[in-house]
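Chemist: The structure's right below; bear with me while I get my questions together.
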Amino acid sequence: MRQIIAMGGGGFSMEPENPLLDQYILKQSMKDLPKVCFVPTASGDQNQYIERFYDAFYTHPCVPDHLALFDPHFHDLEDFVLSQDILYVGGGSTRNLLVLWKEWGLDSIIRKAYGNGTILAGLSAGAICWFDEGLTDPMNAPLYKLNGLGFLQGSCCPHYDGEEKRRPAYQEYILSGKMKAGYGLDDGAAIHFIDEKIYKIVSSRQEAKAFLVKKSENSVYEEEKMSLYLGEK
């Protein structure tokens, strides 16, 4: 069973007091103590980001580790990656992430791990990377389209409600035909794919939503997808 959990935003780095999405990811492994590996490539393996991951995940029933490419602590990259139950990819620069993964051959290793049943999860850049295309935002520059790994068909736009320029830019790209139809994910919303098909949409906030965004004749159509709030109602 191949699983990807793509988050528009949220998790330990954006909602440190709200562990609902992180807990949901861990539960999908069906193991008492799953091995979860944080992949902070998109942030340049920022030490503070890695420390926040450990601070959060040491409070959960799991065995946390991280994969650093700037300061590696593994002996064999493929063996290390294939030994994990969950790969949790952080946010940052999607372009830098993809370039470094390709340089290290990590993209191919992750594809093998995915086929072997390792759960792939992530937010922002860690969500965009799994799709054919994504909308990314370099600092002090316009949003632009980026090709991803293509594990999932279509496109993805995270932070759909969290950054005001995201939604209009994504809709304009789809309307112009420059991007494929895809998913706008609010902060706190996540799509869980099993075998490349939507299994469930979950959220850590009651108001967080996910949308299928597509072109309809000369306009853009948003289809709100039903989501399950993970907390108490």
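The values are calculated or read from the model by the stated rules, or taken from the named source; none is laboratory data. Here the structure is a predicted model, which is why all the values come from computation and not from measurement. Backbone-built Cβ (ideal geometry, glycine too); neighbour counts: all protein chains shown. Calculation scope for accessible area: heavy atoms of the full protein, side chains included, ligands and nucleic acids excluded. Shrake-Rupley method; radii C 1.70, N 1.55, O 1.52, S 1.80 Å.
Chemist: Restricting attention to the range 59-112, which residues are free of Cβ contacts under 8 Å to residues at least 60 places away in the same chain, within 18 Å of the chain's Cα centre (by Cα), closer than 20 Å to residue 48 by Cα and in a loop (DSSP other than H, G, I, E, B)?
Modeler: Correct list: 67, 68, 92, 93.
Chemist: Select from the range 38-61 the residues that are touching a strand residue (DSSP E or B) at 6+ places or on another chain (Cβ under 7 Å) and surrounded by fewer than 21 Cβ atoms within 10 Å (Cβ to Cβ) and list them in ascending order.
Modeler: If the condition is that a residue be touching a strand residue (DSSP E or B) at 6+ places or on another chain (Cβ under 7 Å) and surrounded by fewer than 21 Cβ atoms within 10 Å (Cβ to Cβ), then 50, 54, 58 are the ones that fit.
Chemist: Please enumerate the residues belonging to the range 147-169 that are at pLDDT 95 or above and among the aromatic types (Phe, Trp, Tyr).
Modeler: 151
Chemist: Before we move on, is residue 117 open to solvent by less than 10 Å² (accessible area, probe 1.4 Å) and either touching a residue at least 12 places away in the same chain (Cβ under 8 Å) or assigned to a loop (DSSP other than H, G, I, E, B) (or both)?
Modeler: Working: open to solvent by less than 10 Å² (accessible area, probe 1.4 Å): no; either touching a residue at least 12 places away in the same chain (Cβ under 8 Å) or assigned to a loop (DSSP other than H, G, I, E, B) (or both): yes.
Here the answer is no, as residue 117 does not meet what is asked.
Chemist: Also, quick follow-up: Please go through the range 94-110 and give me each residue that is under 21 Å from residue 137 (Cα atoms) and either open to solvent by less than 40 Å² (accessible area, probe 1.4 Å) or modelled with pLDDT of 95 or more (or both), ordered by number. Working first, answer last.
Modeler: First, the residues of the range 94-110 that are under 21 Å from residue 137 (Cα atoms): 94-102.
Correct list: 94, 97, 98, 99, 100, 101, 102.
Chemist: What's the number of the only condition in (1) surrounded by 22 or more Cβ atoms within 10 Å (Cβ to Cβ); (2) under 20 Å from residue 10 (Cβ atoms); (3) out of contact with any Phe, Trp or Tyr (no Cβ under 6 Å at 6 or more places or on another chain) that residue 173 fails to meet?
Modeler: Of everything listed in (1) surrounded by 22 or more Cβ atoms within 10 Å (Cβ to Cβ); (2) under 20 Å from residue 10 (Cβ atoms); (3) out of contact with any Phe, Trp or Tyr (no Cβ under 6 Å at 6 or more places or on another chain), residue 173 misses just condition (2).
Chemist: Can we say residue 91 is in contact with a Phe, Trp or Tyr (Cβ under 8 Å, 6 or more places away or on another chain), closer than 27 Å to residue 197 by Cβ and among the small types (Gly, Ala, Ser)?
Modeler: It is false that residue 91 is in contact with a Phe, Trp or Tyr (Cβ under 8 Å, 6 or more places away or on another chain), closer than 27 Å to residue 197 by Cβ and among the small types (Gly, Ala, Ser).
Chemist: Among the numbered conditions (1) touching a residue at least 60 places away in the same chain (Cβ under 8 Å); (2) within 16 Å of residue 163 (Cβ to Cβ); (3) of a type outside the set (Gly, Ala, Ser), tell me where residue 130 comes up short.
Modeler: The one condition residue 130 does not meet is (2).
Chemist: Turning to a different aspect of this structure: May I ask you to list the residues in the range 1-25 that are assigned to a helix (DSSP H, G or I) and buried (at least 24 other Cβ atoms within 10 Å of the Cβ)?
Modeler: Here is the first cut: in the range 1-25, the residues assigned to a helix (DSSP H, G or I) are 20-25.
Residues satisfying the conditions are 21, 22, 25.
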